[in-house]
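These notes are about the structure you will find just below.
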Amino acid sequence: MWRGDPVTTVQGLNRDRLKELFDLRSSYNTLMGGDFQTDPYPLWARLRAEAPVHDGTVHRLSGYSGEAFFQGLPFPEVPHFSAFTFAACDAALRDEVTFASSPTVLGESSETPGFETSMLSMNGAMHRRYRALVQPSFVPAKAGWWITKWIEETVQLLVDGLVDQGRAELNVDFCAAIPILTITHSFGIPIEQALEVRASLSQPAKIAAMLAPIVAARREDPQDDLISVLVQAELRDEDGVHQRLSDLEIYSFAILLLLAGSGTTWKQMGIVLTALLERPELLAAVRSDRSLLRPAIEEALRWTPTDPMFSRHVTRDTEFFGKHLPAGSVLHLCLGAANRDPARWDRPDEFDPRRPVKRSLGFGGGFHICLGMHVARAEMLVGIGALLDRLPNLRLDPDGPQPRYIGMYERGATEIPVVFG
Ligand code: HEM
């Protein structure tokens, strides 16, 4: 039973709606290149070997003709470049003065809550002030809080629903459900509304309306949850004056966490699971030595990061790895290609959790490095750990469709049909 919340069970989730919202191939996801079916890695290897930086977008250089809309796109009026080596992508992520997250300096206040006005799109000191407000809830020492309060119970409820069935489709019924339930639950949103939140992600006003009563209640009576952290947080402006976040700022924060934290962890968890299920010996090794699960997760983040592409806006003319980048242009960072750079990793195309650990760019890097990375890791560890604990002889369904990785900006498995018992 959820602590302090209405009594809810995972049966409150509508499976068909879950499928519709989380099918990578559905129209819902084509804006993120969900219809991109090719394995881009061989092509990215060629591009990386030819030059660290190319003219054009990763999108077009990868032969994708769809009209995806993502960070750094469209901006048709400015030149676009793409970096493919680890050294070039890492250098750009670490130099936020030359490579800014946003083309413009955002004003302190905005009329509309949403992604564009969130800290992901902020630069410099303003980014640091906003990020510092939530950072304490996302440090490694807080992983236990996330696990015991918001993750463990959801995971066990989801496995309860599968355990007697002998077969399951883990991508949607399990991986997709965990992150959206974790985040919405940590906001105090009941399980029955979680899918409504997911369906409304492109309509900030609807999410704001769902959050408004919770924000008001937490202002009156703070609890041990994330909205309470936000209503109590104090922003210090440039003159050192403290002020509380407005409702609008809280909605923007919440929308960012929902957008950044639900689709990503879902797909990355599916990638880890697929990589293990397709290698039964490795799966058996992880099952018997659970300390291998964490390296398997890190290796999947390197080998196939769910977000293989981010962008930066060039603020001043610069010579960068053999290319002249004019001020105002966009530099796309192909993190997927960077993570398989043979200059940094031996046998980079192999999924090998036993390889020596080296930092990859699966969670980005520099000041904007993923805020939720320890939460994501905890969700994947607890989720996959529970499947291994409770579903004996878990294996891919030999009669089902085999999972394939698809997607341009958000990569993930098509489906993960399994049998067990
Ligand atoms: C495996 C799952 C995840 C992956 C692969 C991932 C990846 C990333 C990457 C690559 C960035 C950097 C973007 C940039 O530099 O422009 C980022 C930023 C961010 N992520 Fe994640 N993420 C994941 C899960 C999460 C979760 C669970 C949350 C929240 C609960 C979250 C919240 C954020 C936020 C707030 C930012 C913006 C940070 C900033 O601008 O300072 N992410 N993520």
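Bear in mind that the values in this text are calculations on the coordinates, not laboratory data. Keep in mind it's a predicted model, so treat the numbers as computed, not measured. Note: ideal-geometry Cβ built from the backbone for every residue, glycine included; neighbour counts use all protein chains shown.
Here are the numbers for this structure:
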| quantity | calculated |
| --- | --- |
| Net lengthening on full extension, R167/E234 (0.36 nm per residue, minus Cα-Cα) | 19.2 nm |
| Sites Q135 and A343, calculated FRET efficiency, Cβ-Cβ separation with R0 35 Å, nearest 0.05 | 0.60 |
| Relative contact order %, the chain, counting alpha carbon pairs below 8 Å whose residues are six or more apart | 28 |
| Paramagnetic reach from A284 (point 7 Å along Cα→Cβ, amide N under 20 Å) across the stretch 381-416 | 385, 387-399 |
| Among M373, M210, M269: highest mean-square fluctuation, GNM of the chain, C-alpha pairs under 10 Å | M210 |
| Nitroxide proxy distance, nm - points 7 Å out along Cα→Cβ at K19 and R404 | 1.9 |
